[in-house]
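Step one of this worksheet: look at the structure below.
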Amino acid sequence: MEFSKEFDASGLACPLPIVKTKKALADMASGQVLRVISTDPGSVCDMAAFAEQTGNALLEQGSENSKFVFYLKKA
Amino acid sequence: MATKKMALIATKGTLDMAYPPFILASTAAALGWDVQIFFTFYGLQLLRTSLDDIKISPLANPAMPMPVPMPVMVQMLPGMESMATMMMKNKMKSKGVASLQELRDICLEADVKFVACQMTVDLFEFEASEFIKDVEYGGAATFMKFAGESDVCLFI
């Protein structure tokens, strides 16, 4: 999937992946896609909850090289 | 959709109990919530300019996982508190857990409002100069005003 920015949260524990994803989205334009990489298993549920509550759409999620990958479309 | 609100009361000043209010506040702020933390009693220690003196003790804390089982008599020895604190901080760092300082900074950046309980500030004779500058002072009524309109309200 195409994306305009990537944020690597590898090694970070709760709540940093979410808090820093929010920061990464801050300077993006509406409609742009952010790719987030994480190693925190808790971030799988958390990212979905973040997307639901903030209106940023979670377009896709999966895993690559035993890491979690998320694609968020900025609201 | 109206902005959701969370009101927290932080009453503890140990390393383990300092985390929950800052974790919840920073997360809620990231979700766009309006957050206020009311610091009272030992929670006031979390407003100090430096958080380096925030410690954890295995003493009277039998649920704390220890690398080696340690009799209570040993936990009482001088220096054990500092050692336990150092070990906990190292473990947290190795697991990618944010430092208290980092979480507090994130809260402040995200406009989480910090209110210090005036009564306990006076009780313990704290000076405003000992605290970070982003602190407001108030009493129970001040807290109730915000708490009364909140969606989530927790005592920690």
- Could you figure out which of (1) surrounded by 13 or more Cβ atoms within 10 Å (Cβ to Cβ); (2) at the interface with another protein chain (Cβ under 9 Å from one of its Cβ atoms) isn't true of A:Gly55? (1)
- Message: Here are the criteria: (1) closer than 27 Å to B:Val112 by Cβ; (2) surrounded by 15 or more Cβ atoms within 10 Å (Cβ to Cβ); (3) in contact with a Lys or Arg (Cβ under 7 Å, 6 or more places away or on another chain); (4) more than 12 Å from chain B (Cβ to nearest Cβ). Tell me which single one A:Leu72 does not satisfy.
- Response: (3)
- Would you pick out the residues in region B:1-42 that are more than 13 Å from chain A (Cβ to nearest Cβ) and within 21 Å of A:Leu25 (Cβ to Cβ)? B:Asp34
- Message: For region A:30-45, check the following and say yes or no: at least one residue is at the interface with chain B (Cβ under 10 Å from one of its Cβ atoms), without any contact (Cβ under 8 Å) to a residue 12 or more places away in the chain and within 19 Å of B:Ala30 (Cα to Cα).
- Response: no
- Any residue in region B:47-55 that is within 13 Å of chain A (Cβ to nearest Cβ) and part of a helix (DSSP H, G or I)? no
- Task: Sort out which residues of region B:96-141 are at negative phi and of a type in the set (D, E, K, R), and write them in order of number.
- Result: B:Glu102, B:Arg104, B:Asp105, B:Glu109, B:Lys113, B:Asp122, B:Glu127, B:Glu130, B:Lys133, B:Asp134, B:Glu136
- Note on the structure: The one condition B:Ala141 fails out of (1) surrounded by fewer than 12 Cβ atoms within 10 Å (Cβ to Cβ); (2) within 17 Å of A:Ala13 (Cβ to Cβ) is (2)
- Note on the structure: (1) away from every other protein chain (no Cβ under 13 Å); (2) in contact with a Ser or Thr (Cβ under 8 Å, 6 or more places away or on another chain) all hold for A:Ser10 apart from (1)
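Scan B:Met6, B:Met80 and give me the residue that is closer than 22 Å to A:Thr21 by Cα and in contact with a Ser or Thr (Cβ under 8 Å, 6 or more places away or on another chain).
Matching residue, one of B:Met6, B:Met80: B:Met6.
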- Where in region B:70-111 are the helices (runs of 4 or more DSSP H), entirely inside, with at least 1 residues that are away from every other protein chain (no Cβ under 14 Å)? B:72-75, B:80-94
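Only the coordinates and a few stated rules stand behind these numbers; no lab work does. Bear in mind the structure is a predicted one, so any value in this text is a computation, not a measurement. Cβ: placed from backbone, ideal geometry, glycine included. Neighbour counts: every protein chain shown.
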